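What follows is a short report on a single structure.
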Number of protein chains: 2
Amino acid sequence: MSGARGWGAMGQTIASEELEFLKKSLIFEDLDDATVSALLEGSLLQRFPVGTVLFNQGEIPDFLYLVLEGALELFTVGPDGDDTIIEILEAPYTYTVARGLTMATYLVSGRVAWVGKLLMLRGGLRSLIAENLQLSHNMLGLLSRQFRVMVSQVKNLKLKTTAERLSCYLISLQEQQLGAMEITLPYDKRRIAARLGMTPVSLSRALAKLGDVGVSVKGSRVRIGDIDALRDCCKPDDLIREGQEDLRLVTGP
Amino acid sequence: MSGARGWGAMGQTIASEELEFLKKSLIFEDLDDATVSALLEGSLLQRFPVGTVLFNQGEIPDFLYLVLEGALELFTVGPDGDDTIIEILEAPYTYTVARGLTMATYLVSGRVAWVGKLLMLRGGLRSLIAENLQLSHNMLGLLSRQFRVMVSQVKNLKLKTTAERLSCYLISLQEQQLGAMEITLPYDKRRIAARLGMTPVSLSRALAKLGDVGVSVKGSRVRIGDIDALRDCCKPDDLIREGQEDLRLVTGP
């Protein structure tokens, strides 16, 4: 199909298996081939080295980024020049939708946290949305899902203690790592602290607290002595299975 | 016009000035009269007494709520039966859009915080979105804006200390109250603490801390001795003027 063509000087050719993957993603779902081609026209598929800054807070978006591999980290630079990580977005995750649509400035800066492959959709997206009902609906579903993730973050930040947030996070890692009782932290403690909305000092204290329920840490390895005791600490919110939800716009009555 | 008709047994007739107000809101903007009528068909305009619970967490949404007057508070009930306020939404503010569209369960419960007038749009909204491009775009603009408010909340919760959040809040009240140096807190301290994402004890500590820059409190009255010193505490984020942004979907190239 015509979307699977060569790309600009910066970009790579999109492989047919990538195109199939994309067509299953929420943005591309149920679009006809002509619209998929038009969306990909002028877009870039690009690998970036770790640390590449893609956008700075206060800038107007050029692209809507889709993270296909790797991860982005969002950060802000304070008046003292220090940067603080706000969030880490791992593939597959779409980012910058709200900004890409409204042309509002970025509230945060974004850089590649580890080797990332990104699809960068250009402003043509917005012209297509102007005329394409299915694409509008896809974007509504996507934004609804992202909104829900943010609400669950606010809920966690406001309701849970640092130890509760940490234990929920460890349990989610344990599930991802197929129930192993010794799990590997996916990144360094500074990033984990930022992701969980606490300082590195608070993270160390929370880890120490979880020692009481059999959690021990050695470098990036965490041993879970008693999974049930850890679950009791977490007070999981059954309404939120972050990242596992597959929300879509429901257009029935 | 035909949308300004009578309502069901529960509801009030929508006044023509209310209809004009609605037609300027982001959901109704640029819709033709037939679509406005169809949207309002079967909807309810209703005043509720303080404390009325409109929906419970875990339920599937019946309505999309628009807060026309008063305020909603969102809360959760913990395993111990205590409720914690997550957020207070003051009119004019649209809520429950993401849930109304996707039919995902509510993550939080909602009740009337003070006398509220609500427009409750029924599921017919979703059928209309299925066929109406302008309405889809209006909802995209609205969701983008709500998403941005949530991002700024997460950013504030993760980056700012309790005293910084409190001083930003006092400054926003001072601006709303036309620059008065003695301002009135709009609700009790438990609610203000919840809104700012801190415990009532942390709020008291933060207030005491701001005493050093000339803030004094007596009941619901707060005196700001030195506005410049208070501004220095707040470290405002110029990128976020919460509630003052008027984002819309940009459909140009």
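Values quoted throughout were computed directly from the atomic coordinates according to the rules given, and no laboratory measurement underlies them. It should be emphasised that the depicted structure is a prediction, and the values quoted were computed from it without experimental measurement. Here the Cβ is made from the backbone with ideal geometry for all residues, glycine too, and neighbour counts use every protein chain on show.
Values as computed for the structure displayed
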{"quantity": "Environment charge at B:SER220 (Cβ cut-off 14 Å; Lys +1, Arg +1, Asp -1, Glu -1)", "calculated": "+4"}
{"quantity": "Label zone at B:LYS23, where the point sits 7 Å out along the Cα-to-Cβ direction: segment B:119-141 residues whose backbone N lies under 17 Å", "calculated": "B:135"}
{"quantity": "GluC sites (Glu not before Pro) within segment A:21-97, DSSP loop, no more than 13 other Cβ atoms inside 10 Å", "calculated": "A:GLU59"}
{"quantity": "Built amide H within the under 5 Å cut-off of A:GLY70, gap 5+", "calculated": "A:ALA91, A:LYS117"}
{"quantity": "Interchain or long-range residues, amide H under 5 Å from A:ILE86's placed H", "calculated": "A:LEU74, A:PHE75, A:THR76"}
{"quantity": "At 7 Å out from Cα toward Cβ: A:GLU131 inter-copy label distances (nm, ascending)", "calculated": "2.2"}
{"quantity": "In order through segment B:151-168: 3J(HN,Hα) via Karplus (6.51 cos²θ - 1.76 cosθ + 1.60), integer Hz, x for Gly, Pro", "calculated": "4, 5, 5, 4, 4, 5, 5, 7, 9, 9, 6, 4, 5, 5, 5, 5, 5, 4"}
{"quantity": "Label spacing, shortest first and in nm, from A:THR161 to its equivalents in the remaining copies (7 angstrom along Cα→Cβ)", "calculated": "2.3"}
{"quantity": "Inter-site label distance for A:ASP232 and B:ASP232 at 7 Å from Cα along Cβ, in nm", "calculated": "5.0 nm"}
{"quantity": "Positive-end residue of B:VAL201, B:THR161, B:GLY214, charge dipole of segment B:161-234 with Cβ unit charges", "calculated": "B:VAL201"}
{"quantity": "Within the protein assembly as shown: Cβ-based charge dipole about Cα centre, in debye rounded to nearest 20 (Lys, Arg +1; Asp, Glu -1)", "calculated": "1220 debye"}
{"quantity": "Where the Cα pairs of the protein assembly as shown fall when distances are cut into 20 Å bins, in %", "calculated": "21, 54, 24, 1"}
{"quantity": "With at most 15 neighbouring Cβ atoms within 10 Å, loop trypsin sites (Lys or Arg not before Pro) (DSSP) excluded, longest segment of chain B", "calculated": "B:25-240"}
{"quantity": "Cα centroid separation, segment A:57-71 to segment B:158-186 (Å)", "calculated": "33 Å"}
{"quantity": "Number of partner chain Cβ atoms within 10 Å, mean per residue of B:102-115", "calculated": "3"}
{"quantity": "Karplus-derived HN-Hα couplings along segment B:58-70 (A = 6.51, B = -1.76, C = 1.60, θ = phi - 60°), whole Hz, x at Gly and Pro", "calculated": "x, 7, 8, x, 8, 10, 9, 8, 10, 8, 8, 9, x"}
{"quantity": "Fewest-first sequence of B:PHE21, A:PHE147 by Cβ atoms within 10 Å of each Cβ", "calculated": "B:PHE21, A:PHE147"}
{"quantity": "Debye-sum result for segment B:114-170 in log10 I(q)/I(0), which assumes one identical scatterer on each alpha carbon, at q = 0.14 Å⁻¹", "calculated": "-0.66"}
{"quantity": "10 Å Cβ neighbours from other chains, averaged over peptide A:130-137", "calculated": "5"}
{"quantity": "Long-range tail of P(r) for segment A:161-234 (Cα pairs > 18 Å, %)", "calculated": "27 percent"}
{"quantity": "Amide H contacts under 5 Å for A:LEU196, placed H, 5+ residues apart", "calculated": "none"}
{"quantity": "Sorted by Cβ neighbour density within 10 Å, fewest at the top, the residues B:MET139, B:MET103", "calculated": "B:MET103, B:MET139"}
{"quantity": "Spread of Cα-to-Cα distances over 5 Å intervals beginning at zero, given as percent, for chain B", "calculated": "1, 5, 11, 15, 17, 15, 12, 10, 7, 4, 2, 0"}
{"quantity": "Cα gyration tensor shape of segment A:16-157, rounded if a/c is under 1.5, else prolate or oblate by comparing a/b with b/c", "calculated": "prolate"}
{"quantity": "Shortest-first nm distances, B:LYS218 label point to equivalent points in other copies (7 Å, Cα→Cβ)", "calculated": "6.4"}
{"quantity": "Sites B:ASP33 and A:ALA34 - FRET efficiency at Förster radius 35 Å, r taken between beta-carbons, to 0.05", "calculated": "0.60"}
{"quantity": "Estimated FRET transfer efficiency (B:ALA91, B:ASP62; beta-carbon r; R0 22 Å; 0.05)", "calculated": "0.60"}
{"quantity": "Chain A - mean residue ellipticity at 222 nm from DSSP helices (-39,500 (n - 2.57) per run, n ≥ 4, rounded to 500)", "calculated": "-11500 deg cm²/dmol"}
{"quantity": "Cα lying deepest toward the dipole's positive end in segment B:16-157, options B:LEU118, B:ALA38, B:GLY141, charges on Cβ", "calculated": "B:GLY141"}
{"quantity": "Whole-Å distance, taken between Cα centres, linking segment A:211-231 and segment B:216-231", "calculated": "46 Å"}
